[in-house]
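Beneath this line is the structure, given in structure tokens, with notes to follow.
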Amino acid sequence: MITLKQFMETVSYRITEGGDYGWSCYGENCHMLTSWNGLHDTGGWSVNIVFGTDTQTVFEVDVCDYQRHRAYRVINPDHREAYDREARDRGVNTDEAWDETRYIDLDVDSDWLEKARAIVEGQDYDTRVQIAVDFSDQDLLTYMKAAHERDITFNQFVEQAISQVIKQHQQENPA
């Protein structure tokens, strides 16, 4: 999970708002910090973190790119169920960041950090979502050989495989 230190470095230690976190899903003593550049459109962004003041546990982080209408977040997987349950009880649509902009949930901390840093610095960034994959050494060698035989990179091979599985799932489970 993202640390307070990583968050503070991402926003160059610039905090514009803060206060007690209003929900109880993460327990007592939760605080939220925000760094916002004051703009809602061209060049606008905000970065938020929710953490326990007693344990320093980070429960969630998000970054909003108002210019590109994108919002990325990471919710601590150990506390996601409690968050979702309280959201249901409150009747809150947790997918919506603002207006018609939906959150994009990220699973890889470095993906969130890369996006957040680029947004804060006003740089372009990769909008694709990183997925952590874990292969045995045997499988890794097999897949690397298969990528080599197709004259593509290993990352391209994995991306194609994941895309095929998603496409197959969508065909089998139409919305």
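Structure notes:
- Criterion applied to D111, D134, D84, D78 was being of a type in the set (D, E, K, R), within 24 Å of M1 (Cβ to Cβ), in a loop (DSSP other than H, G, I, E, B) and modelled with pLDDT of 95 or more, and the one residue passing it is D78.
- Among (1) in contact (Cβ under 8 Å) with a residue 40 or more places away in the chain; (2) under 12 Å from the mean Cα position of the chain (by Cα) - the single one Y83 does not satisfy: (2)
- Of the numbered criteria (1) surrounded by 14 or more Cβ atoms within 10 Å (Cβ to Cβ); (2) in contact with a helix residue (DSSP H, G or I) (Cβ under 7 Å, 6 or more places away or on another chain), the one V133 fails is (1).
- Flag for Y83 being assigned by TED's automatic domain parsing to the domain that holds H40, of a type in the set (S, T, Y), touching a Gly at 6+ places or on another chain (Cβ under 9 Å) and within 29 Å of M8 (Cα to Cα): no
- Candidates D126, D78, filtered to the one that is surrounded by fewer than 16 Cβ atoms within 10 Å (Cβ to Cβ) and either assigned by TED's automatic domain parsing to the domain that holds G19 or under 23 Å from E17 (Cα atoms) (or both): D78
- Listed by first and then second residue, the pairs with beta-carbon distance under 6 Å, at least 6 apart or on different chains, first residue in region 93-121 and under 19 Å from P77 (Cβ atoms), second buried (at least 17 other Cβ atoms within 10 Å of the Cβ) and of a type in the set (A, V, I, L, M), are Y103/A71; Y103/A97; L106/V74; D109/I2; W112/V74; W112/L106; A116/V47; A116/V63.
- Scanning region 114-131 for residues that are assigned to a helix (DSSP H, G or I) and hydrophobic (A, V, I, L, M, F, W, C) gives A116, A118, I119, V120.
- Looking only at residues in region 1-45 that are of a type in the set (D, E, K, R) and assigned to a loop (DSSP other than H, G, I, E, B), the one that is modelled with the lowest pLDDT is D41.
- Residues located in region 1-21, provided they are among the small types (G, A, S) and either exposed (fewer than 12 other Cβ atoms within 10 Å of the Cβ) or within 13 Å of R117 (Cα to Cα) (or both): S12, G19
- Residue check, S163 outside the structural domain of T57 (by TED's automatic domain parsing) and either assigned to a helix (DSSP H, G or I) or loosely packed, with under 12 Cβ neighbours inside 10 Å (or both): yes
- Scope region 138-160; condition in a helix (DSSP H, G or I) and either more than 24 Å from D109 (Cα to Cα) or of a type in the set (S, T, Y) (or both); matching residues: Q138, D139, L141, T142, Y143, M144, K145, A146, A147, H148, E149
- Residues of region 136-160 that are free of Cβ contacts under 8 Å to residues at least 12 places away in the same chain and under 23 Å from the mean Cα position of the chain (by Cα): N155, Q156, E159, Q160.
The values are calculated or read from the model by the stated rules, or taken from the named source; none is laboratory data. These numbers were taken from a predicted model, which means no experiment stands behind them. Here the Cβ is made from the backbone with ideal geometry for all residues, glycine too, and neighbour counts use every protein chain on show.
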